[in-house]
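Coordinate-derived values only; no laboratory data. Note that the structure is a prediction, hence the values are computed from the model and not measured. A quick note on method: Cβ atoms are made from the backbone with ideal geometry, for glycine too, and the neighbour counts reach across all protein chains shown.
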Amino acid sequence: MPSHFLQEDPKALAHILEDTSREMIEQQAAAKARSLHVPYINLHGFPIDLNVLALFSKDMAERAGGFPFFKEGRDLRVAAIDPQNPLLLEQLKILSKKYKSTIYLVSEMSFHQTLVFYSKIVTPQATYHEQVIVENPPPIPELRKKVIAESAAAGTTATSLMADLFALAYGLEASDIHLEPGADKTSARLRIDGVLQPVVEIDKPIAKSLVTRIKMLSKLKLNVSNQPQDGRLTFLYDNKPIDVRVSILPAAGGEGVVLRLLGVGAQSLNISELGLRGRALEVVTRALHKPNGMMITTGPTGSGKTTTLYSFLMELNKPGVKIITLEDPVEYKLVGIQQTPIDHTVDFNFANALRSVLRQDPDIVMVGEIRDQETAETALQAALTGHVVLSTLHTNDASGAVPRLITMDIKPFVIAPAINAIIAQRLVRKLCQACKKEAKPSAAILKSVEKIVAAIPANSNEAAPKKLTFYHSEGCDACHNLGYKGRIGIYEVIEITDPIRDLILKEGASHEIRQLAVKDGMLSLLQDGILKALEGITDVEEVFRVAGES
């Protein structure tokens with residue numbers, strides 16, 4: 001073609017330059033394929049089979065860096081810009097039950113130009129690869145054996161192992177699945193009734209595929225393994241969606257993963273089933289139905305504080321009442337209550353969110369956790385100005401809440417009139433009623449229990465038992481041989497009376513507040529737990545494990 005023609009026709013020149021550029025890119029891709037010892041293909045002008053392309057969703061194709069482009073019988077040809085992409089290999093492992101795949105390396109230009117064909121797909125795209133689905137799970141004993149077999153089987157897919165782990169966790173009412181990497185294997189444990197129980201040791205290659213699968217479903221970065229990541233996913237258990245909170249943390253042997261099954265293994269939201277009773281229940285009921293003021297629940301992480309507050313909200317959720325919660329994150333959906341998640345990525349923290357919530361004119365506000373001076377100050381002021389405020393605080397006992405607020409630079413004259421009641425709580429495992437029987441305690445335990453019972457205040461509305469009867473459960477099929485089934489709260493509840501308010505104004509110490517509360521009839525956590533143990537609800541060992549010995 002004469003050069004003067006190119007000067008007169010810029011489009012022709014552009015086409016020649018584009019073709020030259022394409023040829024160079026494809027040559028580089030072909031050279032890369034040779035170095036990797038994989039076949040190469042140029043998809044420019046190749047007749048793409050849309051039905052085959054639809055085996056991957058567009059999102060999956062983009063994340064895996066590849067897609068199927070041709071099928072003949074069981075032979076499936078797959079284009080990839082990185083043949084070793086772990087997500088791509090995992091997806092092909094899933095498809096291996098139906099197809100024998102061959103990976104072809106393609107240039108990024110070919111890859112992105114072929115992605116355009118997804119807009120032409122009119123049939124529903126396959127999405128079953130991108131969701132954990134549990135259907136008709138076998139009984140728990142069979143499921144355990146299946147998980148153990150899959151953890152070491154060479155042909156195991158991460159999808160099947162993940163589905164069975166979720167099914168086992170759900171069936172055992174576990175709240176969490178823990179994947180803990182070691183030198184040779186990854187340990188899988190389930191948190192059942194607050195205690196981690198070992199399940200299986202998973203071979204490293206299978207565990208690595210499992211973590212990759214979890215990352216993919218949680219929309220996390222697959223190529224990042226040296227930084228913490230947090231996400232969420234959902235799995236279907238017999239068509240019931242279960243939300244899962246995902247936390248990934250780098251560890252010496254790989255990546256540690258904790259999967260929190262939201263709403264699974266939780267206590268009842270009925271206030272009558274929490275474990276509150278006697279004077280403690282009377283104080284809580286009285287405080288809940290005051291027109292304003294704050295109630296605080298205290299205890300370590302996992303002690304059931306949020307569940308207790310949810311129970312209070314359900315009790316207060318009546319027609320004509322507006323309730324707004326601030327949570328990080330929203331764990332359970334409550335009908336008729338406006339629940340607002342905290343979002344730190346846009347500076348929507350508890351303090352900022354609470355100020356916005358108060359402009360919505362709520363009657364009742366729940367603040368998931370008081371972490372700083374600004375949140376504490378705003379919440380207490382709201383309690384003083386006509387709102388009922390519920391919140392949590394991390395302290396070891398109920399009397400420690402006031403000094404904790406003072407260390408946040410909250411003035412005693414704000415704290416004293418704003419708070420109606422402070423609750424401390426722990427969760428203890430309940431004995432399996434199917435295999436529970438009387439037991440004989442050791443001399444040391446008997447002596448400790450006698451001392452604890454003797455100290456029960458006479459005005460606590462709890463009669464100390466005349467005969468001390470102890471119980472224990474050996475384990476049976478009903479409790480999956482754990483000896484325990486379900487959990488219940490043990491509590492100590494301080495009602496902020498006038499003498500205690502006066503003591504707060506004087507910045508009284510924690511032990512002084514506690515002494516006044518005991519004088520008013522407060523049971524300690526240990527006393528409440530021991531009374532429940534002597535009734536056969538739990539056992540003494542469990543109470544001492546959770547609340548400590550006297």
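Contact order for the chain, expressed relative to its length and based on alpha carbon pairs under 8 Å spaced 6+ residues apart, stands at 10 percent.
Normalising the Debye intensity of the range 480-542 to I(0), with uniform scatterers on Cα atoms only, and taking log10 at q = 0.30 Å⁻¹ returns -1.24. The angle separating the long axis of helix 86-95 from the principal Cα axis of greatest extent in the chain is about 80 degrees. With θ taken as phi - 60° and the Karplus curve 6.51 cos²θ - 1.76 cosθ + 1.60 applied, the whole-hertz 3J(HN,Hα) list for the range 442-457 is 6, 4, 5, 5, 4, 5, 5, 5, 4, 5, 5, 5, 5, 8, 5, x Hz, x standing for glycine and proline. Rounded to the nearest Hz, the phi-derived 3J(HN,Hα) couplings of the range 338-355 under the Karplus curve 6.51 cos²θ - 1.76 cosθ + 1.60 (θ = phi - 60°) are 7, 10, 10, x, 6, 9, 6, 5, 10, 6, 9, 8, 4, 5, 5, 5, 5, 4, where x marks glycine and proline. Going 7 Å from the Cα of Lys290 in the Cα-to-Cβ direction, what parts of the range 381-401 have a backbone nitrogen less than 14 Å from that spot? Only 381-391 fall inside the zone, counting backbone N under 14 Å. Taking amide H atoms as placed 1.01 Å from N in the peptide plane, the amide H of Ile419 lies under 5 Å from those of Met294, each 5 or more residues away in sequence or on another chain.
Only DSSP H runs of four or more residues enter the estimate; each adds -39500 (n - 2.57), and after division by the residues of the chain the mean residue ellipticity at 222 nm equals -11000 deg cm²/dmol. Phi-derived couplings, Karplus 6.51 cos²θ - 1.76 cosθ + 1.60 at θ = phi - 60°, listed residue by residue for the range 521-526: x, 6, 7, 7, 3, 5 Hz, with x used for Gly and Pro.
Exposure proxy shown here: for Met162, Met24, the number of other Cβ atoms within 10 Å sets the order, fewest to most, as Met24, Met162. For the chain, the longest principal axis of the alpha carbon atoms and the long axis of helix 510-519 meet at an angle near 50°.
Debye calculation, C-alpha points only, no solvent: report log10 I(q)/I(0) for the range 132-261 at q = 0.10, 0.22, 0.23 Å⁻¹, in the same order as the q values. After summing over all Cα pairs, the log10 values are -0.27, -1.51, -1.66. Taking Cβ separations below 4.7 Å as the criterion for a possible disulfide partner, the chain contains no isolated cysteines.
Summarised in one figure, the compactness ratio Rg/Rh of the range 219-354, Cα atoms and Kirkwood Rh, is 1.02. The three principal axes of the Cα atoms in the chain give end-to-end lengths of 107, 57, 43 Å, sorted in falling order. Fewest neighbouring Cβ atoms within 10 Å first, the residues Glu327, Glu369 line up as Glu369, Glu327.
Checking the table Lys100/Lys208; Lys58/Lys208; Lys71/Lys100; Lys430/Lys532 against a 18 Å threshold on Cα-Cα, which pairs fail? Too far apart for the 18 Å limit: Lys100/Lys208; Lys58/Lys208. As a length-normalised measure over Cα pairs under 8 Å and 6 or more apart, the relative contact order of the range 82-183 settles at 27 percent.
For the chain, the longest principal axis of the C-alpha atoms and the axis of helix 158-171 are separated by about 20°. Seen from all directions on average, the range 370-467 presents a Cα convex hull projection of 10.0 nm². For the range 271-547, the pair-distance distribution built from all alpha carbon pairs, in bins 5 Å wide starting at 0, is 1, 6, 12, 16, 17, 15, 12, 9, 6, 4, 2, 0 percent.
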